[in-house]
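Accompanying notes for the structure given below.
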Amino acid sequence: MKKVVAVIQETAAEIVLPRFKALTTEQIKEKSGPGDLVTIADIEAEEKLSKAFKQFVIGSEVVGEEVTSKKPDTIHLLSSAPVVWVIDPIDGTKNFTKGNHLFCIMVCLVRFGTPVLAVIFDPLNDRYIAAEEGSGSRTAQPALPKSRERERCTKLPNGWGAKVISARTATGNNQKNRRLSKRAGGTTNDRGN
C-alpha cells in the first residue's frame with residue numbers, strides 16, 4: 001500500500017499539480033464529445049502510474065481511463081486478466097481544467113475480478129482514503145496543528161463524506177478508535193490504524 005501511495009503522490013507532484021491552473025487550450029482535448037475532456041496531465045499521469053504499477057506486480061495489466069477511451073476493448077482485461085490495475089489519473093478532469101479543487105487520482109487493484117486495494121488521493125491537500133482486502137480502510141492526511149488535534153469531518157474531492165482523524169489521535173486508545181471508525185463507516189485493525 002505504501003509504495004502505491006508513494007507513486008501516486010510522486011505523480012501528482014511531478015505531473016498533475018504543476019499543470020493545475022496552468023493548462024493551455026492546446027493541452028485540453030475532447031474525447032467522445034463536449035464535456036468529456038482529457039488533458040496532457042491525464043495522459044502523462046496515466047502513463048507514469050501504469051508503468052510503475054506494472055513493475056509492482058509482474059504480469060499485471062492496466063485498464064486506464066485514457067487508454068480505454070482510445071482502445072475500448074481494453075476494458076475486457078477486467079474479466080480476462082488475473083491481475084489488473086484500474087486507473088483514473090484525474091477524476092474530475094472538467095473541474096481540473098477550470099481550476100476547481102474538486103478532483104482526485106483514483107487507483108484500484110483487481111485480482112480475479114475482485115478489488116483488493118483502492119486509493120483515492122486528493123493531490124491539493126496531500127490526503128487519501130485507502131482500502132485493502134483484509135486490512136479495512138483508512139484515511140491519511142498531513143498532521144493537524146495541535147490546536148486542531150481532534151476528530152473532524154471533511155468532504156473528499158469526489159463529494160464523499162468521511163471522517164478524517166489526525167495521526168496522533170489515530171494512534172491513541174484502540175477502543176476509542178473503533179468507535180470513531182464505526183461512526184465514520186470505516187474499520188480499524190487491532191493496532192488502531
Quiz item: GLY35: surrounded by fewer than 19 Cβ atoms within 10 Å (Cβ to Cβ) and modelled with pLDDT under 95, yes or no?
Solution: yes
Quiz item: How do the helices (runs of 4 or more DSSP H) wholly within the stretch 63-111 filter down when requiring 1 or more residues that are over 20 Å from the mean Cα position of the chain (by Cα), more than 19 Å from ARG127 (Cβ to Cβ) and not acidic (Asp, Glu): which remain?
Solution: 65-70, 77-80
Quiz prompt | Count of the stretch 36-77 residues which are touching a helix residue (DSSP H, G or I) at 6+ places or on another chain (Cβ under 6 Å) and among the charged types (D, E, K, R) | solution = 6
Quiz item: Quick one: is GLU26 within 13 Å of the chain's Cα centre (by Cα) and either loosely packed, with under 15 Cβ neighbours inside 10 Å or of a type outside the set (Phe, Trp, Tyr) (or both)?
Solution: no
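Closer than 19 Å to ALA130 by Cβ, of a type in the set (D, E, K, R) and open to solvent by 40 Å² or more (accessible area, probe 1.4 Å): is that true of LYS2 in this structure?
So LYS2 passes the test.
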Exercise. Please go through the stretch 41-62 and pick out each residue that is open to solvent by 20 Å² or more (accessible area, probe 1.4 Å) and among the acidic types (Asp, Glu).
Key: GLU44, GLU47, GLU61
Quiz item: ARG111 fails exactly one of the following numbered conditions: (1) open to solvent by 10 Å² or more (accessible area, probe 1.4 Å); (2) touching a helix residue (DSSP H, G or I) at 6+ places or on another chain (Cβ under 9 Å). What is the number of that condition?
Solution: (2)
Practice problem: Just name the residue that is farthest from ILE105 (Cα to Cα) out of those in the stretch 1-50 that are assigned to a strand (DSSP E or B) and of a type in the set (A, V, I, L, M, F, W, C). | Solution: ILE28
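The values are calculated or read from the model by the stated rules, or taken from the named source; none is laboratory data. Fair warning: this is a prediction, and the values are worked out from it, not measured in the lab. As a convention, Cβ positions derive from the backbone with ideal geometry for all residues, glycine included, and neighbour counts pool all protein chains shown. Side chains included, ligands, DNA and RNA excluded: accessible areas come from the protein's heavy atoms. Shrake-Rupley method; radii C 1.70, N 1.55, O 1.52, S 1.80 Å.
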